[in-house]
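Novice: Take this structure first; my questions come after.
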Amino acid sequence: MAQETSPSSEGGTRSGPPRSGPRRDGPSGGGGSGGRYGGPPGLRRPRRKVCTFCVDKVQRIDYKDVGRIRRYISDRGKIDPRRKSGTCAKHQRMLTTALKRARLMAMLPYTADHVRGLMSPQARAMAGGPPPPKPERPPFRPAGEFRPAGAPPRPAPAPQPTAPVPPPQPPANEG
């Protein structure tokens with residue numbers, strides 16, 4: 001491999017000092033090679049999101065304002081992070097507290113309906129839901145004869161009539 005030399009020592013085509021970091025040519029910070037995010041050329045960095053609570057000059061976020069705070073919950077029932085919602089750190093803390101209080105007061109669900117439908121009854125009980133239904137037990141049968149479940153009961157055997165036994169006859173005298 002050839003050893004790299006500085007452009008000033010051998011009259012290379014580059015002018016100026018060598019660059020050590022990513023190129024920042026435009027407002028997107030990307031230049032032609034995708035910028036510091038890598039990726040294909042021409043890809044722009046997303047615009048910075050603005051905290052809607054700061055724009056509206058909200059001092060306190062009320063947990064009873066369900067229509068407003070519902071937008072900050074994902075479709076699976078999770079609280080959206082700051083990088084997705086664009087709220088500032090101060091309002092994200094207040095929003096999290098308000099969402100948790102609204103869930104506690106049953107104004108908002110903890111999980112989405114379709115997620116609860118996928119849970120097994122045992123998992124739902126572990127999450128604080130109703131206990132799973134207990135399986136039906138067969139009726140108690142005392143020990144004795146074995147009868148498969150679902151078979152009709154056999155009638156009790158009727159007492160057998162006993163035939164009268166004739167009295168023994170004395171031996172006949174021969175003679």
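The values are calculated or read from the model by the stated rules, or taken from the named source; none is laboratory data. Everything numeric here is computed off the predicted structure, so don't read it as measured data. With ideal geometry, Cβ positions are generated from the backbone for all residues, glycine too; neighbour counts draw on all protein chains shown.
Novice: Arg68 fails exactly one of the following numbered conditions: (1) within 25 Å of Val55 (Cα to Cα); (2) touching a Lys or Arg at 6+ places or on another chain (Cβ under 7 Å). What is the number of that condition?
Specialist: Tallying (1) within 25 Å of Val55 (Cα to Cα); (2) touching a Lys or Arg at 6+ places or on another chain (Cβ under 7 Å), Arg68 fails exactly one: (2).
Novice: Working only within segment 69-90, note down all residues that are in contact (Cβ under 8 Å) with a residue 24 or more places away in the chain, more than 18 Å from His114 (Cα to Cα) and in contact with a Ser or Thr (Cβ under 8 Å, 6 or more places away or on another chain). Talk me through it step by step, then tell me what you get.
Specialist: The first filter runs over segment 69-90 and keeps only residues in contact (Cβ under 8 Å) with a residue 24 or more places away in the chain, leaving 69-70, 72-73, 75-77, 85-88.
From what is left, the residues that are more than 18 Å from His114 (Cα to Cα) are 69, 72, 85-88.
Within segment 69-90, Tyr72, Gly86, Thr87 meet the criteria.
Novice: Among the residues in segment 150-157, are any of a type outside the set (A, V, I, L, M) and either in contact with a Ser or Thr (Cβ under 6 Å, 6 or more places away or on another chain) or in contact (Cβ under 8 Å) with a residue 60 or more places away in the chain (or both)?
Specialist: no
Novice: From the residues in segment 61-76 that are touching a helix residue (DSSP H, G or I) at 6+ places or on another chain (Cβ under 7 Å) and in a loop (DSSP other than H, G, I, E, B), which one is nearest to Arg101 (Cα to Cα)?
Specialist: As a first pass, look at segment 61-76 and keep what is touching a helix residue (DSSP H, G or I) at 6+ places or on another chain (Cβ under 7 Å): 61-63, 66, 69, 72-73, 76.
Now drop any that are not in a loop (DSSP other than H, G, I, E, B), which leaves 61-63, 76.
Details: Ile61: 11, Asp62: 9, Tyr63: 6, Arg76: 18 Å.
Going through the qualifying residues, I end up with Tyr63.
Novice: Moving on to the next point. Of the residues Arg101, Arg124, Arg116, only one is closer than 27 Å to Val50 by Cα and either at pLDDT below 80 or not in a loop (DSSP other than H, G, I, E, B) (or both); which?
Specialist: Numbers: Arg124 fails: closer than 27 Å to Val50 by Cα; Arg116 fails: closer than 27 Å to Val50 by Cα.
When all the criteria are applied, what remains is Arg101.
Novice: So Arg93 passes all but one of these: (1) basic (Lys, Arg); (2) modelled with pLDDT under 90; (3) closer than 30 Å to Arg116 by Cβ. Which condition number does it fail?
Specialist: (2)
Novice: I would also like to ask the following. Mind counting the residues in segment 111-134 that are surrounded by 10 or more Cβ atoms within 10 Å (Cβ to Cβ), more than 10 Å from the chain's Cα centre (by Cα) and basic (Lys, Arg)?
Specialist: Within segment 111-134, residues that are surrounded by 10 or more Cβ atoms within 10 Å (Cβ to Cβ), more than 10 Å from the chain's Cα centre (by Cα) and basic (Lys, Arg) number 1.
Novice: Another question, if that's okay. Which residue out of Pro167, Pro157 is modelled with pLDDT of 75 or more and at negative phi?
Specialist: Result: Pro167 is the single residue among Pro167, Pro157 that is modelled with pLDDT of 75 or more and at negative phi.
Novice: Thr52 - would you say it is at pLDDT below 65, among the β-branched types (Val, Ile, Thr) and in contact with a Gly (Cβ under 9 Å, 6 or more places away or on another chain)?
Specialist: no
Novice: Could you grab me the full set of residues in segment 66-94 that are in contact with a Phe, Trp or Tyr (Cβ under 9 Å, 6 or more places away or on another chain) and hydrophobic (A, V, I, L, M, F, W, C)?
Specialist: Ile69, Ile79, Cys88, Met94
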